[in-house]
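As structure tokens, the structure follows; a few thoughts come after it.
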Amino acid sequence: MTLIHKHHFLKDKKKYLQMIKKGRAFIYPTDTIYGIGCDATNQKAVKHVHALKQREKKPFSVIAPSKQWIQKNCIITKSAKKWIKKLPGKYTFILHLKNKKAVAKAVHLGDYTIGVRIPKHWIAKVVAGYCRPIVTTSVNISGQPFMQKAADVPHKIKEHIAFILYEGPKKAHPSTIVDFVAHEDGKIKKR
């Protein structure tokens, strides 16, 4: 595992994106908290992230490459369309998948709903350039506090990821979840 900063990542972006393409998990910053992720189209990589978090029965969200990707691959209600205009931002939208092959089955665990977001952060441009969704979930063992600084990464996670893309401590909260599956008009889920 390597700890790198934005300028290192951007300098050797091809190398790091190749690691992701090969199925490696990594930690990255967002506009809210740090996320652990992988290529959301790679079944083996997504299962690896489930194992790292010790969270086998709960689906993941993804950072979408674009709003167009969301519209192409998800069912968008009128209400959801209005909320999607707020992207990029600190939101995760729970939607039904329209394209069942848009992500690996391990992302949605067979219920064909997905959380999607586009953070207001430079990492969103990286995902857009990668042209595939990236799993996004908090950096922690399920049920434990999430990462705020590099020292918070559990050893069991740290030893099984390719790199940490680090930009210093983050004291924010996870994104706001708006559920369009349980409530067609969208309902903010309390944490």
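The values are calculated or read from the model by the stated rules, or taken from the named source; none is laboratory data. In this text, all values refer to a predicted model and were calculated from it rather than measured experimentally. In this analysis, Cβ positions are derived from the backbone assuming ideal geometry, glycine residues included, and neighbour counts consider all displayed protein chains.
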Worksheet item: What is the number of the single condition among (1) assigned to a loop (DSSP other than H, G, I, E, B); (2) of a type outside the set (D, E, K, R); (3) under 16 Å from the mean Cα position of the chain (by Cα) that V135 does not meet?
Response: (1)
Worksheet item: Pairs, please: C-beta under 6 Å, at least 6 apart or cross-chain, first residue closer than 16 Å to V127 by Cα and touching a residue at least 24 places away in the same chain (Cβ under 8 Å) and in the range 1-24, second in a strand (DSSP E or B) and of a type in the set (D, E)?
Response: I20/D39
Practice prompt. Tell me which of these Q144 doesn't satisfy, since it passes every other one: (1) surrounded by fewer than 22 Cβ atoms within 10 Å (Cβ to Cβ); (2) not in a loop (DSSP other than H, G, I, E, B); (3) not β-branched (V, I, T).
Written response: (2)
Worksheet item: With A102, A106 as the choices, which residue is within 29 Å of L3 (Cα to Cα) and at pLDDT 95 or above?
Response: A106
Worksheet item: Just one of I123, I118, I114, I75 is of a type in the set (A, V, I, L, M) and touching a residue at least 60 places away in the same chain (Cβ under 8 Å); which is it?
Response: I123
Worksheet item: Which one of the conditions (1) crowded, with 18+ Cβ neighbours inside 10 Å; (2) in contact (Cβ under 8 Å) with a residue 24 or more places away in the chain; (3) more than 13 Å from the chain's Cα centre (by Cα) does A150 fail to meet, given that it meets all the rest?
Response: (1)
Response to the item:
The strands (runs of 3 or more DSSP E) lying entirely within the range 1-79 that contain at least 3 residues which are surrounded by 16 or more Cβ atoms within 10 Å (Cβ to Cβ) are 26-28, 35-37, 61-63
Practice prompt. Could you check, for the range 108-121, whether at least one of its residues is of a type in the set (G, A, S), buried (at least 20 other Cβ atoms within 10 Å of the Cβ) and in contact with a helix residue (DSSP H, G or I) (Cβ under 6 Å, 6 or more places away or on another chain)?
Written response: no
Discussion item. For the range 95-111, which positions are free of Cβ contacts under 8 Å to residues at least 40 places away in the same chain and not aliphatic (A, V, I, L, M)?
Written reply: K98, N99, K100, K101, G110
